[in-house]
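The values are calculated or read from the model by the stated rules, or taken from the named source; none is laboratory data. This structure is a prediction, so every number in the text was calculated from the model and none was measured. Here the Cβ positions follow ideal geometry from the backbone for every residue, glycine too, while neighbour counts run over all protein chains shown. These area figures cover heavy atoms from the full protein model, side chains too; ligands, DNA and RNA do not enter into them. Shrake-Rupley method; radii C 1.70, N 1.55, O 1.52, S 1.80 Å.
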Amino acid sequence: MRQNKSISQKTFNIKLDSNLAVVQAFAQLNATIIDLEELLAMGLDIINQSFPFDLLAVMHVSEKSGKLTLISYLSEKPNTILEIFKPFTTEVLNSGLAIEQKQISEDGLNYSCLIVPVATGRLVTGVFIIANFHLYSFKPSERELFTIFAEQIMVATTVSKLYIRKQQQQQQEITRRQIATHFQKISSIINSTLNLNDVLRLLLEHLRVIVPYSSALVMLVKGSGLVIQAVAGFDNSLKGEQINVDENVILKEVLLQKYPAVFSDMTKNQFWMADSPKFLSEVRAWIGAPIVVKSKIMGIFTLHHDKPGYFDGADLELIYTFANQAAIGIENALLYQREQNKVKQFQIIHRRLDYEFISIFLYRSQTNSLHLKAASDLSAHEIQELNLTFPLTKPTLVTAVANKQSALLVHDVTSFEPYIPHPIRKRIQSEFSIPLVIKGNLIGVFDVQSVYKHTFSPDDVMLVQTVADQIAVAIETASLFEQRNKRMVELSVFNQIGTDIADMYDLDNVLISILERIKMLYQVEGASLLVLRDGLLHFEIALGMSGQVIRPFTLKANEGFAGWVIQHKRPLRVSNAAEDKRHHKGIDKAINFTTHTLLAVPVQIQGQILGVVEIMNRIDGNHFTQEDEIVLSFIASTIAVTLENARLFKKLTNSTLNEQSACL
């Protein structure tokens, strides 16, 4: 067991009794151990070392069955002895009040028990049972100790549930990240080559990693049938062989349904054995997924294994996702074959077509605007300095394309009424823009400009559309991995905060450490914690601004952004503080800090508001998102646990000192 710090020499000049040591030790465990059963077992062991009780037990009402179930138990007697306390536990669950009972039974089993409710507000979720198998009267200090212990059990239960939920999310996140890694490689394949044979070969190689197989085929639609375009595990001589779909019931059904199918053992399928080619007659497990682009069937992937039942429903979903993503690469490769000459012309686009300027605008959903991300004639620094942004509500050529999600070709920009001249490019005469879209979602706009009128033809637009599709996939993939990296940083911060709150001796330093980690996570200019005391909000901690100046400030519980959060008991995001009537401008003025954007969330536990945590002004200039709000709310719950532990610790310390003073 972990060695507890002694506070008798560190904080007081008198020796404290075991009550304080018990709560202090359990509070430290509460801050460091997440597993509820392990925590309670160690908590009961701590009590057992300090008090001579014959039985200690914690029981919770099961969320599934609604029945009282045993969570932790410490006694030399079997846990069946708990049946004698059943009438009293039922009374506590119904009344929400602790009860003490003494009983002399006819069979000679005497006992005394104290049963304390474990509750969230008025909702009783369990009981804490303390008993001796002889007549015993509980002292007032013991009753108070076990009441506080029950409160700590409730806090531990809440934290444990949050942790389990977060752990499940983390596991899902790890799985999604692994799958995303594989699919990112598919995106690389899509962008690495437009040669159809190379694309199919690489796709089959990578598919073997995602869904292992013995053999595989890629068949593409040709006329009314299918032609084998790529093979794995078979002789290459099969390439080019045609398959009559009308004569194969299973292939026909998969293509008609536009959804994959899985079969455990094809040798037991009479339709397959009757209709399949000879080289497939010994296939056992089989899974097939159609290749579909914009509702058009382009072909089918089929995977085979010599072990019956090898593929399952999870493989079905994976190959379905794979086929959808691979379809983009296959379609692009097919377009490449049909439009090879145009692609070559596009590669020398500046020389042949005289459109000197190419730009990529990315869509920001938070501000509903297009932001210039890349340009052929501007460096990254110049783009950052230019900071060119078009709200989708503003009529321009690129916003018109974004709103309609369809390409637009303008032969003479002077005849296009919404046209806005480029701040740097002064000689633009013609322009066309293509939306970057993934699964119906706008990613951005690909824009091409020329200094000549009537430069572009519809064929040019079709040609660039091929490249734009690949760009959209690449941007989406990069965004996906940026989000995954952000999740990893968040998890690291959560772990660091968990370590910080283990120290109960210096609350200020713990809170400062937590706010520093929040400031680092969100990359903001300022962060603060306001604590609610006596109906007023007190600035407890402030980072990124003058703490010496801000500390004396107090706000009424209905003033400023923090007051609004207190009153409404929910988070608040502000994108323009200067124009928001709720903004308390006096603080900004006093500390010489200007709040532009803000995210504030309540610090609360079991429905009780303890304060507000705020972060201000993201360094990158972006607004705070709903995702930021969710993560900060989770961190705020950790701050609430820290504040509540400190309150309970102080309460018990004062109680113990009062008892000792009374004895002197």
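Annotation: average projected area of segment 23-158 is 8.2 square nanometres, based on the convex hull of Cα atoms across all directions. Solvent exposure of segment 34-94, expressed per residue, is 56 Å² of accessible area, with all protein chains present and a 1.4 angstrom probe. Taking Lys and Arg as +1 and Asp and Glu as -1, the other residues whose beta-carbon sits under 14 Å from that of Val218 total 0. For segment 227-319, the fraction of C-alpha pairs farther apart than 15 angstrom is 61 percent.
Considering all C-alpha pairs of segment 266-325, those separated by over 15 Å amount to 55%. Once the convex hull of all Cα atoms in segment 198-269 is built, its volume per residue stands at 119 Å³. Taking amide H positions as modeled 1.01 Å from N, with prolines and chain starts lacking one, the residues under 5 Å from Leu610 and 5 or more places away or on another chain are Val603, Gln604, Ile605. Length gained on full extension, Thr90 to Ser365: 93.7 nm, using 0.36 nm per residue less the C-alpha separation.
Once every Cα of segment 29-84 carries one equal point scatterer and solvent is ignored, give the base-10 log of I(q)/I(0) from the Debye formula at q = 0.12, 0.14, 0.26 Å⁻¹, two decimals. Normalising to I(0) and taking log10 leaves -0.32, -0.43, -1.10. Applying a DSSP loop filter and a limit of 10 other Cβ atoms within 10 Å to the trypsin sites (Lys or Arg not before Pro) in segment 271-316 leaves Lys294. So, counting K/R as plus one and D/E as minus one, what does the shell of residues with Cβ under 15 Å around Gln242 add up to? So the surrounding residues net to 0.
Each Cα pair under 8 Å and six or more residues apart adds its separation to the average, and for segment 392-481 the resulting relative contact order is 26 percent. One chain, two ends: Met273 and Ala41. Fully extended at 0.36 nm per residue, the span grows by 77.4 nm beyond their Cα-Cα distance. In terms of overall dimensions, the C-alpha atoms belonging to segment 521-622 reach 35, 28, 27 Å along their principal axes, ordered largest to smallest. Computed from the Cβ-Cβ distance with R0 of 60 Å, the FRET efficiency linking His134 to Glu282 stands at 0.20. Other residues within the sphere of radius under 11 Å centred on the Cβ of Phe138, judged by their own Cβ, net out at 0 (K and R +1, D and E -1).
Placing dummy labels 7 Å off each Cα toward the beta-carbon, the span from Lys569 to Glu247 is 7.2 nm.
For the pair Thr393 and Ala557, the difference between a 0.36 nm per residue extended length and the Cα-Cα distance amounts to 55.2 nm.
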